[in-house]
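Right, one structure below, let's go through it.
The values are calculated or read from the model by the stated rules, or taken from the named source; none is laboratory data. For clarity, every value in this text was computed on a predicted model and none was experimentally measured. Neighbour counts are summed over all protein chains in view; Cβ atoms, including those assigned to glycine, are modelled from backbone coordinates with ideal geometry.
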Amino acid sequence: MSLGRKKLGDPAMGDRETGNDDLGMIPLWSILLAAAAFIAIEYLVHFVLPHPRPGMFPMRVMMGYSSGTLVASYFLLIGYVSRDVKRRNMSAPLWILIVTLMPGGIGAVVYFLLRQPMLSRCPHCSTEIASSYHFCPQCQFQMAPVCGRCFRGVEITDVYCKQCGHDLAEDQAPARLRTFRD
């Protein structure tokens, strides 16, 4: 018996609903490099470094695992940034260099603070616009649902505006942006 719910990973659901769109951006070379770095650090901690006290084995396991995970995560982050900068039309070599060379992950923090917004194309006139825009600045095509009274953004499933309480069904929104009713 179907309850009308879609399963995770269902092709009918968009990538936004499954939440896997960002993880799929990590390139294979970054995943392989992260796995190799994790294994190398585990080998270094357990076989190369001296064992001064045999009773410290649990601490060595914890240190090997945590430092390996930290380095592997850094390589995955570099891979993610290498794909994300291309998606946002930014300079890939510059940002990879910044993220790689700035110590302690500061480069990644700077990248996430300064990255450009995602651009999308208007379906009506093909102008590149920021995905946060509700209307196309060239042709006034409505890109996202807005309240007819206060003109603030609303969710497509909202019945009333969250800001002013306006009944969204009264608005003359395009059919593709109308709210759902029970």
* So which residues in segment 81-96 are in contact with a helix residue (DSSP H, G or I) (Cβ under 8 Å, 6 or more places away or on another chain), surrounded by fewer than 19 Cβ atoms within 10 Å (Cβ to Cβ) and farther than 12 Å from Arg115 by Cα, if there are any at all? -> Arg83, Ile96
* Considering only segment 148-170, state which residues are of a type in the set (Val, Ile, Thr) and within 18 Å of Tyr133 (Cβ to Cβ). => Val154, Ile156
* Asked: If you go through segment 112-153 one residue at a time, how many are in contact (Cβ under 8 Å) with a residue 12 or more places away in the chain, more than 26 Å from Leu168 (Cα to Cα) and of a type in the set (S, T, N, Q)?
  -> 2
* **Single residue of segment 107-132 satisfying the filter (among the hydroxyl-bearing types (Ser, Thr, Tyr) and surrounded by fewer than 12 Cβ atoms within 10 Å (Cβ to Cβ)) that is farthest from Pro93 (Cα to Cα)** => Ser126
* Asked: Just to be sure, is Leu49 of a type outside the set (Ser, Thr, Tyr) and within 26 Å of the chain's Cα centre (by Cα)?
  -> no
* Residue among Phe135, Phe141, Phe151 that alone is within 30 Å of Asn89 (Cβ to Cβ), surrounded by fewer than 14 Cβ atoms within 10 Å (Cβ to Cβ) and either in contact with a strand residue (DSSP E or B) (Cβ under 8 Å, 6 or more places away or on another chain) or modelled with pLDDT under 80 (or both) -> Phe151
* Asked: When you go through Arg60, Arg16, Arg53, Arg5 one by one, which is the residue that is surrounded by 14 or more Cβ atoms within 10 Å (Cβ to Cβ), modelled with pLDDT under 85 and either over 24 Å from Pro103 (Cα atoms) or not assigned by TED's automatic domain parsing to the domain that holds Thr100 (or both)?
  -> Arg60
